[in-house]
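Enquirer: Here it is, the structure, as C-alpha cells.
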Amino acid sequence: MFCGKLESLPEEGLRNLNSLEVLEIGFCGRLNCLPMDGLCGLSSLRKLVVTSCDKFTSLTEGVRHLTALEYLELYGCPELNSLPESIQHLTSLQSLVIYGCPDLEKRCEKDLGEDWPKITHIPHIHIY
C-alpha cells in the first residue's frame, strides 16, 4: 500500500482479511500508527513491512493479534521509538529487521536496549 495521503488504517476494515499473508505499507507520510484492534482479523498474516512512513510512531498493542507473523520489517520510520509489549508474545516471529529508525535501533540494542527483552525470542534480528 503506497498512499502518501493516508493518515490511518480503518479500525474495522482489516478484520475480514483473514486470508491475507503479506501486508506492505510504504511511503505513507501521514500514517502514525497501526489500528489497535483493527489487526485482529489478520490471522494468516505472515509478513508485515512498514517502510518510509515519516510520521509512524507506533505499532500499537494491536500486533498481539498477528499470531502467524513470521517476518517483521520496520524501515525508514524515524519517529518510531519503541516496540509494543505484546511483540514478546508473537511466538511465530522468526525475523525482525529494523533500519532507519534511530531511536528504535538504540532501544533494541543487544543486551543493553530497553526493548531487547521483548525481542530475545526472535531467532533472526537484523538492526542496521
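The values are calculated or read from the model by the stated rules, or taken from the named source; none is laboratory data. These numbers were taken from a predicted model, which means no experiment stands behind them. We place every Cβ from the backbone using ideal geometry, glycine too, and count neighbours over all the protein chains shown.
Enquirer: For the stretch 63-102, which positions are part of a helix (DSSP H, G or I) and surrounded by 15 or more Cβ atoms within 10 Å (Cβ to Cβ)?
Expert: The answer is 63, 64, 65, 86, 87, 88.
Enquirer: Okay, moving on. Which numbered condition in (1) assigned to a loop (DSSP other than H, G, I, E, B); (2) crowded, with 17+ Cβ neighbours inside 10 Å; (3) under 13 Å from the mean Cα position of the chain (by Cα) is the only one that residue 9 fails?
Expert: Here residue 9 clears every test but (3).
Enquirer: Please find, within the stretch 12-25, the residue that is nearest to residue 76 (Cα to Cα) out of those that are at pLDDT 90 or above and surrounded by 17 or more Cβ atoms within 10 Å (Cβ to Cβ).
Expert: 25
Enquirer: Continuing with this model, one more query. Would you call residue 44 surrounded by fewer than 16 Cβ atoms within 10 Å (Cβ to Cβ), assigned to a loop (DSSP other than H, G, I, E, B), modelled with pLDDT of 90 or more and of a type in the set (S, T, N, Q)?
Expert: When the stated conditions are applied, residue 44 passes them.
Enquirer: Still on this structure, I have one more. Those residues that are farther than 14 Å from residue 87 by Cα and either surrounded by 15 or more Cβ atoms within 10 Å (Cβ to Cβ) or within 17 Å of the chain's Cα centre (by Cα) (or both), I need them from the stretch 110-127; list them, please.
Expert: Just the residues of the stretch 110-127 that are farther than 14 Å from residue 87 by Cα, to begin with: 110-113, 124, 126-127.
Correct list: 113, 124, 126, 127.
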